[in-house]
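Each reported figure results from applying straightforward, stated rules to the coordinates on display, with no laboratory input. If you're wondering where the values come from, they're calculated on a predicted model, not measured in any experiment. Cβ placement follows ideal geometry from the backbone for every residue including glycine, while neighbour counts extend to all protein chains displayed.
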Amino acid sequence: MVISVASGKGGTGKTTVATNLALSLKEDVLFLDCDVEEPNAHIFLKPDFQETRIIGIPVPEVDKSICTYCGKCGQICQYSAIVVIKKNVLTFPELCHGCGGCSLVCPEDAISDKDREMGVVEKGLAGEMEFIHGRLRIGEAMSPPLIRAVKKHINGEKTTIIDAPPGTSCPVIEAVKGSDFTLLVTEPTPFGLNDLVLAVGMIRTLKIPFGVVINRSDVGDKGVIEYCNQENIPVLMEIKTERTIAEAYSKGIPIIEIMPEYKQRFQSLFARIERKIVQPLRHQGTTKEY
Ligand code: SF4
Ligand code: SF4
């Protein structure tokens, strides 16, 4: 089972939910931090890293001695990562998605691949839990290939928890797609609601069963809860504002370590998710909840 934890905006408590959920489970857990631009789950899970792998993508290198400047490579590139101007071919590796299209269409075989480093994948153990995260190279704009490299470790044998990047753009889609369930973590404020609506639109498009966790549920207004009721979106857990939680967070301590009663609450959350994963089959053909 693969459960991704996402949020329309940063700072809602997504990593808090993902890490505490993972720590509360009785079964074997694989934790993937796919928030590769700013991975921080390791601060709470404190893995002992045992392996680091550099991840690169193939970008084109043009042999100008055989190039005829026909322009075919530039025409096929959707990202303007290779451009032919008069008697010159310019490449922009930072825009290249590594699709290989340009070398396929080159009639002269003038394009070869060279690897561009995107970041690293680090693997380790946090107690019994297998922990893997990606770290995007500073200045690198494209995170999806690195997220894919992290997700390659999903093996179907362990319950997998994915900490997705915040937002609703390509990196989040890459992180959550294929999940059996997505938890959307939000807060009860107008900003939280605005971003939740966007995240719900994204998850519904991907047809992933989902539910909401409201963090700091006792502050703000009723907008999020009213929206969830209106849209038949299950609110699976509410976490109230507690000074102890905030203090623990600032020290990198998981909630369940300082408030063990939360372990039971996260186990209940998991049990509710398990039930929700079965529901879409029953609701097939309706758009009521998913
Ligand atoms: S397709 Fe090949 S031959 Fe044509 S401009 Fe590009 S690199 Fe040169
Ligand atoms: S590999 Fe793909 S994205 Fe990169 S330059 Fe070639 S066509 Fe463009």
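Key figures for this structure:
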{"item": "By average C-beta atoms within 10 angstrom, highest first, the peptides 173-183, 234-244", "result": "173-183, 234-244"}
{"item": "The range 134-290 shape via C-alpha gyration tensor axes, a/c threshold 1.5", "result": "rounded"}
{"item": "Qualifying lysines (Cα of each under 24 Å from Cα of Lys72; at least 8 residues distant if same chain)", "result": "Lys64, Lys86, Lys87, Lys114"}
{"item": "Tilt relative to the chain, helix 14-24 - C-alpha long axis, 0 to 90 degrees, to 10", "result": "60 degrees"}
{"item": "Helix 190-206 axis, angle to the chain major axis (alpha carbon atoms, nearest 10°)", "result": "60 degrees"}
{"item": "The chain, helix-only ellipticity at 222 nm - DSSP H runs n ≥ 4, -39,500 (n - 2.57), divided by all residues, nearest 500", "result": "-10000 deg cm²/dmol"}
{"item": "Degrees between helix 261-282 axis and first principal axis of the chain (Cα, 0 to 90, nearest 10)", "result": "60 degrees"}
